[in-house]
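Okay, so here's the structure we're looking at.
The values are calculated or read from the model by the stated rules, or taken from the named source; none is laboratory data. This structure is a prediction, so every number in the text was calculated from the model and none was measured. Cβ coordinates were reconstructed from backbone atoms using ideal geometry, including for glycine residues, and neighbour counts include every protein chain displayed.
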Amino acid sequence: MVKHSFTKQERLCSLSAIEWLFDGKGRAFNAHPLRIVYKAQTEEDESTVHLPQILISVSKKKFHNAVDRNRTKRLIREAYRLEKAPLAAFCEENKGCRLTVALIFIGNALPSFEEIRQALRSSLARIVKSLQHENAL
């Protein structure tokens, strides 16, 4: 059972991990109003379960007011917290899999919660489907 929480272990904070994600070898796609960049790596130690680590970014260029940026980030965090079940289940099944995901807001207007949630739901399903396909090969 997946807890509906978003703990510190699930947040991508390490500068080296962020550089590893954006080194050009990760995969990316758009699910308007989000751009998703993700990268997975299998480790030798397959006994540990790694939670997917998430980075959320909203550009200052799109929203000049910090209030709008913070609200958008809060909506994305809440939608992820509710929709992360397929991603967490995939990581639970594939022990030793390290997954990092960046959720970058690319829209021009303040989004609604349902708009973010639908985009995130389809994106996470697409990530899981892609990773399952890679593991099947």
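The set of residues from segment 95-137 being assigned to a helix (DSSP H, G or I), small (Gly, Ala, Ser) and surrounded by fewer than 18 Cβ atoms within 10 Å (Cβ to Cβ) comprises Ser122, Ala125, Ser130, Ala136.
Selection over segment 24-39 of residues that are without any contact (Cβ under 8 Å) to a residue 12 or more places away in the chain and exposed (fewer than 10 other Cβ atoms within 10 Å of the Cβ) gives a count of 1. For first residues located in segment 117-136 and over 10 Å from Phe90 (Cβ atoms), partners that are in a helix (DSSP H, G or I) and among the β-branched types (Val, Ile, Thr) and lie 6+ apart or on another chain with Cβ distances below 8 Å form the pairs Leu120/Ile76.
Take the residues in segment 1-23 that are part of a loop (DSSP other than H, G, I, E, B) and touching a Lys or Arg at 6+ places or on another chain (Cβ under 6 Å); name whichever of them is surrounded by the fewest Cβ atoms within 10 Å (Cβ to Cβ). Walk me through how you get there before you give the answer.
Looking only at segment 1-23, we keep the residues that are part of a loop (DSSP other than H, G, I, E, B), and these are 1-7, 12-14, 22-23.
Now drop any that are not touching a Lys or Arg at 6+ places or on another chain (Cβ under 6 Å), which leaves 4, 6.
Numbers: His4: 11, Phe6: 17.
Looking at residues that are part of a loop (DSSP other than H, G, I, E, B) and touching a Lys or Arg at 6+ places or on another chain (Cβ under 6 Å), I get His4.
Scanning segment 64-94 for residues that are touching a residue at least 24 places away in the same chain (Cβ under 8 Å) and outside any helix (DSSP H, G or I) yields Lys84, Asn94.
If I filter segment 56-70 for residues that are modelled with pLDDT of 95 or more, over 16 Å from the mean Cα position of the chain (by Cα) and acidic (Asp, Glu), do I get at least one hit? Yes.
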